[in-house]
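The values are calculated or read from the model by the stated rules, or taken from the named source; none is laboratory data. No experiment lies behind these values; they were computed from the predicted model shown. Quick reminder, even Gly has a Cβ in these numbers, built from the backbone with ideal geometry, and neighbours come from all protein chains shown. Side chains are part of the model used for accessible areas, which takes the heavy atoms of the whole protein and leaves out ligands, DNA and RNA. Shrake-Rupley method; radii C 1.70, N 1.55, O 1.52, S 1.80 Å.
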Amino acid sequence: MSPIDRVLGQVKDDSAFMRCVSRWQEIPARGGRYAALPADLHPKLRTVLRASGVERLYSHQAESYRWVRSGRDVVVVTPTASGKTLSYNLPVLQELLSRPEARALYLFPTKALSQDQQAALNLSVERGELGVKVATYDGDTPDSVRVSARETGQIIISNPDMLHAGILPNHPKWIKFLGNLTFVVIDEIHTYRGVFGSHMTNVIRRLRRIAEFYGADPTFICCSATIGNPRELAERIVERSVELVANNGSPSGAKHLILYNPPFVDRVQGIRRGVVQEARSIALRFLKAGVKTIVFARSRLRTELIAAYIRGSLENFYTDDGRIRVEAYRGGYLPSERRAIEAGLRDGTVQGVVSTNALELGIDIGGLDAAIMAGFPGSISSSWQQAGRAGRTQHLSVAVLVASSSPLDQYMVKNPQYFLGRPPEEGFVDPENLHILMAHLRCAVFELPMRPEETYAPTSEIYLQHLEEGGTVRFSAGAYHWSDRSYPAEAVSLRSATSDNVVIVDTTNGEYAVIGETDRPSAKEVLFDNAIYIHRGEQYVVTKLDLENRKCSVERTDVNYYTEALVKRDIKVLHEDDTYDSCGARLVVGDILVRTQVAKFKKIRFQSHENVGYGEVSVPEEEMHTRALAMVFDDNCPAGKALRGIDPAMRVPAVARIGTLVKNVSPVFLLCESSDLRAAERLRDPHFGKPCLYVYDAYPGGIGLAEAFARQIGTILRASLSLVRDCECSEGCPSCVGPRDPQEEIDGNPKEAVVAFLSAWVGDS
Amino acid sequence: MNGDLYHRLKLLKKMRQTVPSRAPSPPRKPAMPLGVPGFTPLADGVWSRVLRMPALQLREVLTDASILFPAQFSPELVRFFDLETTGLSGGAGTKVFLAGVARLEGDTLALEQLLLTEYGAEPAYLTALAERFPQDALYISYNGKAFDAHQLKTRFVLNGRTHVLQHHFDLLYPARRLWRSVLPGCSLSELERYVLETERDQDLPSWEVPERYFEFLRDGDPAVLQPVIAHHYHDILSLTKLLMTVHAILSDPRDWIQREAVPFDVVQAAAWLLHRGRGRAEHKRAEEMLRQVVFHTGRDPVVRTRAGLLLGAQYKYFGRWTDAEGVWRLVFEQFGELKAGVELAKLLEHRRRDPNEALQIVLALQRHQRPPTAARDLAHRELRLRRKLNASDTA
């Protein structure tokens, strides 16, 4: 009996645990479907495959091979550990062996992934003496290696950021590579959604434009583990028609999926035990039983908290039992730290890891047996991706989703059929997003003068004229030329809309060691003076946040609390683009200015999570210009009437609660992260003079979410209504409209008010 | 639809302006200049100016410059060059708009500057450059290897052509060796001030160069380019002077040491001669320089130490043990230098077969705090020497 069988047996006998399980789903093992090695396969490649034990292919690998060989672009969608890499390595290596001058570019969303990929490829390339030269080209590649990578690398492994800021602006140095570019592999294509995806489409446009200049027209091979609309997303990103390979032929081991809702602490108020503590105790149970476990947390702070709690609990344990090492892993760590943790997981010196979604992607961390999601990751596809991190080795594995008290989490554990039956979310991109498009258009003109008849984007010429007015481009001899001393790619970061980072420096005992970095807007919210910053389980106190010099000095400390900023936001409407009456309200889509001010912070005690004090914060306010949907409740529209139909004292609480509700429900419908979207309610809005609810994009310039919300508003509101009406609580709980807040001092039942308001507004359909 | 778009573009522009990166530009007024004073047109948008000056001395230097670059390049094949570009970060969008090349014509130096006055004329501009930048010549620049040469190559590639400057001698490298340790910096303007002792009346900060060019493109007034053209012209002249100075120092360094006219790093100059010199004469000259420094009691002990270590290594390489011992002993005894002491101990132990004196040296070295690896090495050495001494005692 394996450790995991044993621990699952124990858990099943534990009635306290089982009372919290809303669904225990066994996903049976699946047999494989195979195909013979292609008849035209190069003998050397055949030898390499045989040497590593591959006598036949999974059906999807063979299918992908056929499409690519016939010159078609493909997208391969099969789960983690289904041999996806071979789906693209095989056709690529085949071509490189018969045509050594051909070149391939592999793009991975993160640096860590590309290093893993190179290791795997090098191994097979060496073993079979294929003689194919593979080189990694990213920010960590030393200058001395770069020249040879460009000149002789047949497969270059890189990431979109490097392609955008390093390769494309310097393409004359890459003439040999780009002129022979035959394949572009885009792995983990589901990561290119929303903002990142819109950037990616533009980067690919630029790549194809430059490749064409050198006479190349590469075939695209895209891959993903879980995405609802793989073909559509791939076609949006490469902007060509793409063949879909989705029939997974690989076998997989059985998996237990457990939906776990923490027990009530206060049933009346709907308060349940916190996800941090619950995830910790479940992880401990697995780890102590010898089960290699990964915990996914939803924020960097939670990652550090859970890791610290697990380590704290193990301290007593490992004095009399084996040593269990648990690491935290998240963005903001230095690359060397991340590499060490990844290696530890692979070689078995690290048994447990607590991670943000940074480890959700295919970084090879060896075989893990259990995955615990501390909170619903925000999308169905992320859930499957995270659950898939356990069980790479075809053995029995387990995944536990621990629900937080957020409405979305509660919806998922209370509606397992919804969670299990729903296809993964669809990914969408908006390459015509003004902010993103303009940034990449500047880069494209820098890379190569642009002729007006070029169709970089549907309305590029208007944009080019706009740039010319501003003096950054100049029209001369039939083309727009870059005419500015800046290097435009430098000013554009693909990962979020602002590119400037704050460096975190440990100055304990007069040292000066950079321990991490974070983007500027979130620095104001997590790195204000006197904030507690947690890094790899060490506590630091912020001694000085120097925004001007993008530097934050911290010193090691040891206190029993962590800090959370209290953020105030206000909204100013800049321009109304479209107004229409729909779904019983006036809907206005337009530009707004959001001003964010951190004025105070809370100190929260570890373990008990109680509030133990406040502090003042003085950082300049952050301004963001973005896109919003305002739902205006005019007196005579159904929504306005519905609002007037409820007790006047309940109107403010009801609208506020609908803000909470829709913001938390809509990610499922808008295919975004909850954090991509924000909501704000006004009973008497200064701009509209009426009660109104804003839903807006959390990115400068907007990313199309507000518009999408407007399109789907009926569905979202009806889903919100059914969630709140079917909720078991009596007066509102964190699962639906939020718990009753004693400071509000209202007499009526806010939940009933919301149900009444929403029912009257959107009806009972 | 377009009204809306226009509105949003305006907003976007306003947002950009809140970021204090660039000053708002005046409305553009594209105009081809009627003429650039002193320049003659070669083609539409391509202008040239040639200035000549006597260069007898330069010719002499270039005739025998084998200490700097291979002798295969006759003086006629040497080109001094410098470019002005629309940006300093490089990349495909940075354009060359002013290229200068100077070469010998008999006993005169002909300095030609080529100006591009419209981006669209780049193909013709490159044709003119290709004629004036033969690929087999030797190019002398200041920091041109890392920047200018790449930029030039890039412009040709972008216009579907290939043009590579194959032979390049970048004065930045010898200049850094000679002056990095004695000057506040090694930019061309700093070398002008301290080494060439030429001061420019008013010089242009380098960021202003592209800005002036953009202004010229917008308004068509060649007057704004005049300071750029003058700056560029002086840069190339300074190149020729710098070459002569470097050559003089490396050819007859004794003279420079005695005159002390311009300070330079004697030890680095000697190192250059030792590593790059092709004949016995250059090695002898380097040794001579180093001896002068090591045994010159008036000099800075730090410099004397560095010179001593280099000289000792040189003697060791040629097996001149007595000379080596003398230098190491001096540097060790006078300045307590660790490396000299260790070398001396090794020499005494293995060459002179004198473990006793070697041990005394090691013990003396151990009296001071040493870095961990050095300390371990010394302890190890001490142990071995003691074993050797014990063995010979008992024998």
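What shape does the range A:34-245 have by the C-alpha gyration tensor, where a ≥ b ≥ c are the square roots of the eigenvalues, rounded means a/c under 1.5, and otherwise prolate means a/b greater than b/c and oblate the rest?
Values: a/c = 1.55, a/b = 1.15, b/c = 1.35.
Oblate, because a/c is 1.5 or more while a/b does not exceed b/c.
Find out how many positive minus negative residues lie around A:Ala35, taking Lys and Arg as positive, Asp and Glu as negative, among other residues whose Cβ is under 15 Å from that of A:Ala35. Net of charged neighbours comes to +2.
Among residues other than A:Thr349 with Cβ under 14 Å from its Cβ, the summed charge is +2 (Lys and Arg +1, Asp and Glu -1). Across the options A:Leu41, A:Ala489, A:Tyr533, the greatest Cα extent toward the positive end of the charge dipole of chain A (unit charges at beta carbon of Lys, Arg, Asp, Glu) belongs to A:Leu41.
Here is the interface size for A with B: some 3400 Å² of accessible area buried, both sides summed, with a 1.4 Å probe. Contact with the other protein chains removes 30 Å² or more of accessible area, compared with the isolated chain and a 1.4 Å probe, from these residues of the range B:118-132: B:Glu118, B:Tyr119, B:Gly120. Taken one residue at a time, the phi angles of the range A:286-293 give Karplus couplings (6.51, -1.76, 1.60, θ = phi - 60°) of 5, 4, 5, 7, x, 9, 5, 10 Hz. Gly and Pro are set to x. For A:His625, the residues whose modelled amide H falls within less than 5 Å of its own, excluding neighbours fewer than 5 places apart on the same chain, are A:Val594, A:Gly701. Using a probe radius of 1.4 angstrom, the carbon and sulfur fraction of the accessible surface of the protein assembly as shown is 50%. Measuring nothing but how far apart in sequence close Cα pairs (under 8 Å, 6+ apart) lie, relative to its length, the range B:265-394 scores a relative contact order of 14 percent.
Going down the list B:Lys284/B:Lys339; B:Lys153/B:Lys284; A:Lys44/B:Lys153, which pairs span over 32 Å between their C-alpha atoms? Working shown, then result.
Details: B:Lys284/B:Lys339 24 Å; B:Lys153/B:Lys284 41 Å; A:Lys44/B:Lys153 39 Å.
Those over the limit are B:Lys153/B:Lys284; A:Lys44/B:Lys153.
Take every pair of alpha-carbon atoms less than 8 Å apart whose residues are at least six positions apart; their mean separation over the length of chain A yields a relative contact order of 11 percent. Taking the charge dipole of the protein assembly as shown about its Cα centre, with +1 at Lys and Arg Cβ atoms and -1 at Asp and Glu Cβ atoms, the residue from A:Ile646, B:Leu178, A:Val291 reaching farthest to the positive side is A:Val291. Between the listed residues A:His435, B:Tyr194, B:Pro227, the Cα displaced farthest toward the positive end of the dipole of the protein assembly as shown, a dipole computed from Cβ unit charges relative to the Cα centre, is found at B:Tyr194. The mean sequence distance of close C-alpha pairs (under 8 Å, at least 6 residues apart), as a share of the length of chain B, puts its relative contact order at 12 percent.
Net charge of the neighbourhood of A:Val588, taken over other residues with C-beta under 9 Å away and scored Lys/Arg +1, Asp/Glu -1, is -2.
Do any of A:Lys663/A:Lys690; A:Lys12/A:Lys751; A:Lys602/A:Lys751 go past 32 Å between their Cα atoms, and which? Among A:Lys663/A:Lys690; A:Lys12/A:Lys751; A:Lys602/A:Lys751, the Cα-Cα distance tops 32 Å for A:Lys12/A:Lys751. Taking θ as phi - 60° and the Karplus parameters 6.51, -1.76 and 1.60, the scalar couplings of the range A:209-215 work out to 5, 6, 4, 4, 4, 8, x Hz in sequence order, x denoting glycine and proline. For the range A:443-451, putting each phi into the Karplus relation 6.51 cos²θ - 1.76 cosθ + 1.60 with θ = phi - 60° gives couplings of 4, 5, 5, 4, 6, 7, x, 10, 7 Hz, in residue order, rounded to whole numbers and with x for Gly and Pro. A straight Cα-to-Cα reach below 14 Å connects A:Lys133 with the aspartates and glutamates A:Glu95, A:Glu101, A:Glu151, residues fewer than 8 places away in its own chain not being considered.
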